[in-house]
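First up is the structure itself, then whatever we jot down about it.
The values are calculated or read from the model by the stated rules, or taken from the named source; none is laboratory data. All values reported here derive from a predicted model rather than from experimental measurement. Virtual Cβ from ideal backbone geometry, glycine too; neighbours counted across all protein chains shown.
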Ligand SMILES: Cc1ncc(C[n+]2csc(CCOP(=O)(O)OP(=O)(O)O)c2C)c(N)n1
Ligand code: SF4
Ligand SMILES: [Mg+2]
């Protein structure tokens, strides 16, 4: 206890911590616990799990390393941080993988028990980094975590394997001490989680406390840190990932529109969690169907939409490719469906657990014929909630398929979300047609939207399908003029959506030398990069696009007010292509596909390079 | 509910199911007969007209929904079972029918077919099997016999064909039957049985394509040969066939064999009795394979009908159970679920 007073407490604005170890070391859990506790203290935070695609990658190897990065702050933040200030490395492979990413002079906590010759060999290291000088310049804390955990749990009646497994809680306890966090939330969580295995709960709690007191009583850590709560707007908050927000967003859309929610889906990383969440919400009348493949996923959703449901299908890039033909059927039959694509690294199987923005052109144009769909993109984990609602609203109002793009980063990343009340959410509905008088399946309202007439309604029996339809009657038509008309109507319908969505808002001055244009999941990084560039005296404005087809109606105007337009994207320049061809403007591209979010500094340097010496 | 059904039964006639669209199949195509029999049976099923839906894929046969004055969805190649699945799950009270062809269902839609069978999704599936790709003008199909000469197999096809009833039985369809376009009375009976089945009802219909595969089934459908080449399966009746009903089927181990009832060696008691409702699918599977043996008559009728919980029933039950347990979903509490904390202004 004495030491608590003698160890100096340093107050920080922002800290980035990386928990890393073997996949079997429980680092995702450790990171999640640290995040939840930190969130409940009122810090703003942002997380980025980084785990291998293999379920059981070889133990101790680089492939098997699983990391969880989080940044928390006393001000509002938008990204999980570029370079960690603290790295917890449970084995040499974890140290080797993340050493190049952390700050110079960062603190490194290592589990010395796993730095034996065989561990070094598994990590393909010729010498021990703890001894060969490669950690010079860092604050290295060597802790025999496994030994200390075993010692602390020697009286517990659990298997030796379970004892060793508890070592992540020892590490978590140390970090709680180091960052002045309370243990209670995790203790409560353990009691709940292991209700039926009290011995395991007890062991983990012991390990947690042992780690905490280890920090407290030994003098090994030279500093303790404190991060004051952030000044967030008042309200009730929860920590939310993009996938959970997407799932809840669709439930909200179902409740607010009065249409039963139907999901047809085939499991694929990183989208499966949306299926996992929605299948739990049976008491909301949500119907989920785990289909035999992605084609059946969307085809069944089209069937459900014909039946009057709010019908969705969720997938990632390879699955979107399979849904192509059926998406065209939804265009032709003018049925409302939402296709969620949680983008991952491509092409082909690519990088299943990593993020990318390279499916934009696939979403825009990846169908045969003139086949326009609405394309939306969520910008942050919590924004997925609002965009899921928005995608549903647009699909039903305009009777069109909508593709909602998210990505692996915002899908799995979390942030605090000020939870809206049900009463704050919009209500929307495209009423089902029930009146047989003068009914025509392809008649049109002011939005060019056709009536939604569903089987089971007396007097409205009609046929739809993938063959070209005569406008108004919906009969099969091979008439040249009709086909021309219908192609144009389908396009105009999408364009009309622009009148129904909000204008894009410029962050910064409305005209000037440089505008940074982003879309989708890069919002956090770009916001911070631009903010920091401004702090260094650069004049730069920023917009972020969440509607890509159609674009907000003021976008052309906004672009025309700037000399230069920088478009950073995690692809080879897909939004750039669309902006150039739509508005005949030049763009400067910034493209990096590392399977990870941009580094804030990389974008900031690009901004500085463009603006040159103009920061005086 | 019952009241309503009776009224409808009295009211509806085959004409009520004819749409205003001109039928565009080739003159003499077997599809006409299937359409006519469906239109005859539908008024008798006791289902409100607005609750019938036809879903089809692509092919000559898949034009079917346009000619029925019910709800209809002419979709894309092979995907009708998947579309029908979503519709039935969303709207369990509908009577969902699929019209499909041998290319549509056995080739591009094969995956959806076996899974719809496996899951026992409550739909009625009519396979118009003409053993050819009609709409694309005559390539061999997954049900064409080996050695078939077509535009895409000028030296004879080298594929081994699927036997659709075997495939359906192997995929655990709960109703599996076969009929032919040229026997309208029997076809009507089979459509009616399929329509009344609760669960996946698969009905294969041999259908003559006059243009690209004419006479493919003549041996089975024409008066001169029919009695000797076909056998009509009837529940609980011995499997007897022949012009003079003088032949029967016995089982030697797993092998079906034709025996004569004339020479005194075998009597009716030796002949296997057909049992549609056998718990085990094995017997039905053996019968379905008689199709491929030139020495055996080809079976028509219901191979198997069993009742078990359908996918859509099970889903509704699960929704009810979970709702009883958790209470009806409340959006406000869902929004505020999980780990929440307060931030004061
Ligand atoms: C994706 C796709 N591939 C190929 C086709 C071309 N195609 C249309 S119908 C058909 C086969 C039809 O054969 P079948 O299902 O036996 O129907 P039939 O015309 O004999 O009734 C094919 C290959 C298509 N329409 N769509
Ligand atoms: S091509 Fe054959 S199957 Fe198609 S309509 Fe003509 S006869 Fe019928
Ligand atoms: Mg065919």
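Quick check, is residue B:196 more than 13 Å from ligand 3 (Cβ to nearest atom), at pLDDT below 95 and away from chain A (no Cβ under 14 Å)?
Working: more than 13 Å from ligand 3 (Cβ to nearest atom): yes; at pLDDT below 95: no; away from chain A (no Cβ under 14 Å): yes.
In short, no.
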Residues (at the interface with chain A (Cβ under 7 Å from one of its Cβ atoms) and within 30 Å of residue A:417 (Cβ to Cβ)) located in the stretch B:303-327: B:318, B:319, B:322, B:323, B:326, B:327
Qualifying residue in the stretch B:231-244 (condition: farther than 19 Å from residue B:286 by Cα and touching a strand residue (DSSP E or B) at 6+ places or on another chain (Cβ under 6 Å)): no
Selection within the stretch A:298-318 - more than 20 Å from residue B:72 (Cα to Cα) and either touching a helix residue (DSSP H, G or I) at 6+ places or on another chain (Cβ under 6 Å) or surrounded by 24 or more Cβ atoms within 10 Å (Cβ to Cβ) (or both): A:312, A:313, A:314, A:315, A:316, A:317
Residues of the stretch B:328-342 satisfying the condition of being facing chain A (nearest Cβ under 7 Å), closer than 18 Å to residue A:279 by Cβ and exposed (fewer than 15 other Cβ atoms within 10 Å of the Cβ): B:328, B:338
Entirely in the stretch A:44-159, the strands (runs of 3 or more DSSP E) that have 1 or more residues that are within 20 Å of residue A:601 (Cβ to Cβ), in contact with a helix residue (DSSP H, G or I) (Cβ under 9 Å, 6 or more places away or on another chain) and modelled with pLDDT of 90 or more: A:44-50, A:65-73, A:86-89
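Does residue B:183 count as more than 16 Å from ligand 3 (Cβ to nearest atom), without any contact (Cβ under 8 Å) to a residue 40 or more places away in the chain and in contact with a helix residue (DSSP H, G or I) (Cβ under 8 Å, 6 or more places away or on another chain)?
Spelling it out, it is not the case that residue B:183 is more than 16 Å from ligand 3 (Cβ to nearest atom), without any contact (Cβ under 8 Å) to a residue 40 or more places away in the chain and in contact with a helix residue (DSSP H, G or I) (Cβ under 8 Å, 6 or more places away or on another chain).
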Hits in the stretch B:53-69 - residues which are assigned to a loop (DSSP other than H, G, I, E, B) and within 8 Å of chain A (Cβ to nearest Cβ): B:58, B:69
Residue in the stretch B:250-269 that is away from ligand 3 (no atom under 16 Å from the Cβ), closer than 30 Å to residue B:45 by Cα and in contact with a strand residue (DSSP E or B) (Cβ under 7 Å, 6 or more places away or on another chain) present: no
Some residue of the stretch A:3-19 being within 14 Å of chain B (Cβ to nearest Cβ) and either part of a strand (DSSP E or B) or touching a helix residue (DSSP H, G or I) at 6+ places or on another chain (Cβ under 8 Å) (or both): no
Failed item, numbered, when residue B:124 is tested on (1) within 16 Å of ligand 2 (Cβ to nearest atom); (2) more than 14 Å from every other protein chain (Cβ to nearest Cβ); (3) touching a helix residue (DSSP H, G or I) at 6+ places or on another chain (Cβ under 9 Å): (1)
Condition met for residue A:256 (in the same structural domain as residue A:332 (by TED's automatic domain parsing), within 20 Å of residue B:112 (Cα to Cα) and surrounded by fewer than 23 Cβ atoms within 10 Å (Cβ to Cβ)): no
Given (1) away from chain A (no Cβ under 14 Å); (2) within 16 Å of ligand 1 (Cβ to nearest atom), index of the condition residue B:155 fails: (2)
Residue satisfying all of: in the stretch B:96-111; away from ligand 1 (no atom under 13 Å from the Cβ) and within 15 Å of the chain's Cα centre (by Cα); nearest to residue B:78 (Cα to Cα) among these: B:97
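Filter the stretch B:268-325 down to the residues that are closer than 23 Å to residue B:229 by Cβ and in a loop (DSSP other than H, G, I, E, B) and list them by number.
B:271, B:272, B:274, B:276, B:293, B:294, B:295, B:296, B:297 - these are the residues of the stretch B:268-325 that are closer than 23 Å to residue B:229 by Cβ and in a loop (DSSP other than H, G, I, E, B).
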Residues satisfying the stated conditions in the stretch B:215-240, i.e. within 16 Å of ligand 2 (Cβ to nearest atom) and surrounded by fewer than 18 Cβ atoms within 10 Å (Cβ to Cβ): B:215, B:218
Residues being surrounded by fewer than 24 Cβ atoms within 10 Å (Cβ to Cβ) and away from ligand 2 (no atom under 16 Å from the Cβ) - total across the stretch B:176-186: 4
Of all residues making up the stretch B:78-118, the number that are farther than 17 Å from residue B:165 by Cα and more than 8 Å from chain A (Cβ to nearest Cβ): 7
Test: residue B:62 is touching a residue at least 24 places away in the same chain (Cβ under 8 Å) and in contact with a strand residue (DSSP E or B) (Cβ under 6 Å, 6 or more places away or on another chain): yes
Residue list for the stretch A:434-481, filter: in contact with a helix residue (DSSP H, G or I) (Cβ under 8 Å, 6 or more places away or on another chain) and outside any loop (DSSP other than H, G, I, E, B): A:452, A:463, A:464, A:465, A:469, A:476
Selection count, the stretch B:326-336, where residues are touching a helix residue (DSSP H, G or I) at 6+ places or on another chain (Cβ under 9 Å) and outside any helix (DSSP H, G or I): 4
Verdict on residue A:120 being more than 24 Å from the chain's Cα centre (by Cα) and either assigned by TED's automatic domain parsing to the domain that holds residue A:20 or buried (at least 23 other Cβ atoms within 10 Å of the Cβ) (or both): yes
Given (1) under 17 Å from residue B:214 (Cα atoms); (2) within 16 Å of ligand 1 (Cβ to nearest atom), index of the condition residue B:149 fails: (2)
Of the criteria (1) near ligand 1 (Cβ under 10 Å from one of its atoms); (2) within 14 Å of chain A (Cβ to nearest Cβ), which one residue B:133 fails: (2)
Residues of the stretch B:10-52 that turn out to be in a loop (DSSP other than H, G, I, E, B) and within 16 Å of ligand 2 (Cβ to nearest atom), as a count: 10
Residue list for the stretch B:188-214, filter: away from ligand 2 (no atom under 16 Å from the Cβ) and touching a helix residue (DSSP H, G or I) at 6+ places or on another chain (Cβ under 7 Å): B:188, B:191, B:192, B:195, B:200, B:201, B:202, B:203
